[in-house]
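Chemist: Below is the structure I would like to discuss, written out as structure tokens.
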Amino acid sequence: MRGVKREDVAALTGDFEEVVRVCQPRIFRFALASLRDRDAAQTVTQDCFLKAFQARDRFRHDCSVETWLMRIAINLVRDHARNQRWQFWRRAEQSARPVEVFQNGLGDGKLSPETQASLKQQVEAIWEAAGSLSEKQRTVFLLRFVEDMDLLDIAAATGMREGTVKSHLFRALQAVRERMGA
């Protein structure tokens with residue numbers, strides 16, 4: 001949905017199927033990267049669009065549709081994590097790595113198998129390091145580097161000020177670099 005202008009927002013909100021088609025992959029990737037559980041990510045994605053559909057007439061147009069949807073997804077991810085925090089299977093969920101998000105980029109046939117294996121290990125190490133971040137740092141980190149959102153959109157999606165987003169991103173990068181030994 002990159003490049004959608006505010007003038008286009010009204011057109012997109014009129015055709016909700018188009019909003020789902022355009023935005024669903026990004027919302028799902030964020031949920032999968034945050035939760036590390038494909039079923040939970042699918043549930044969060046569906047819930048996100050259900051909530052958005054039910055509230056579409058209350059959309060204020062003060063941000064892009066995508067930012068609004070991401071805000072809903074962030075809240076649903078937080079709710080899911082809060083609800084699951086004390087269950088036994090949470091430990092298994094934390095050990096899962098959403099490497100499949102990046103598999104297409106690693107297996108393009110232009111890299112040697114050794115280089116692909118090395119890159120895969122680096123991606124797994126980054127996911128492990130990101131998993132140790134605080135919730136806010138992890139959210140900002142994922143939105144910036146997985147979803148390639150700019151700082152103002154992250155601020156709008158999370159409800160944080162831009163300076164707070166920068167601070168969380170700086171601390172997240174510092175923590176990931178420390179864990180990576182860089």
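Chemist: Could you figure out which of (1) at pLDDT below 85; (2) in a helix (DSSP H, G or I); (3) of a type in the set (Lys, Arg) isn't true of Arg2?
Modeler: All conditions pass for Arg2, except number (2).
Chemist: Pairs please, first residue from region 57-72 and assigned by TED's automatic domain parsing to the domain that holds Glu17, second anywhere and small (Gly, Ala, Ser) and not in a helix (DSSP H, G or I), Cβ atoms under 8 Å, 6+ apart in sequence or on different chains.
Modeler: Going by the 8 Å Cβ cut-off, the qualifying pairs are Arg71/Gly159.
Chemist: Do we have any residue at all in region 167-178 that's at pLDDT below 90 and in contact with a helix residue (DSSP H, G or I) (Cβ under 6 Å, 6 or more places away or on another chain)?
Modeler: There is at least one residue in region 167-178 that is at pLDDT below 90 and in contact with a helix residue (DSSP H, G or I) (Cβ under 6 Å, 6 or more places away or on another chain).
Chemist: In addition: Look at region 127-140 and say how many of its residues are under 19 Å from Asp79 (Cα atoms) and not hydroxyl-bearing (Ser, Thr, Tyr).
Modeler: Total satisfying the criteria: 7.
Chemist: Then there is this: What number of residues within region 32-51 are closer than 11 Å to Val146 by Cα and at pLDDT 95 or above?
Modeler: Of the residues in that region, 0 qualify.
Chemist: Based on what the data block shows, is Leu133 surrounded by 17 or more Cβ atoms within 10 Å (Cβ to Cβ) and not β-branched (Val, Ile, Thr)?
Modeler: Numbers: surrounded by 17 or more Cβ atoms within 10 Å (Cβ to Cβ): yes; not β-branched (Val, Ile, Thr): yes.
Yes.
Chemist: Among what's in region 114-147 and is among the hydrophobic types (A, V, I, L, M, F, W, C) and either out of contact with any helix residue (DSSP H, G or I) (no Cβ under 8 Å at 6 or more places or on another chain) or modelled with pLDDT of 85 or more (or both), pick the residue that is nearest to Glu178 (Cα to Cα).
Modeler: The residue in question is Leu133.
Chemist: Further question on the same structure: Would you be able to say whether some residue in region 161-168 is in contact (Cβ under 8 Å) with a residue 24 or more places away in the chain and of a type outside the set (Phe, Trp, Tyr)?
Modeler: Checked region 161-168: at least one residue is in contact (Cβ under 8 Å) with a residue 24 or more places away in the chain and of a type outside the set (Phe, Trp, Tyr).
The values are calculated or read from the model by the stated rules, or taken from the named source; none is laboratory data. Keep in mind that what you see is a predicted model, and the values were worked out from it rather than measured. Methodologically, a virtual Cβ is constructed for each residue, glycine included, from the backbone with ideal geometry; neighbour enumeration extends over all protein chains shown.
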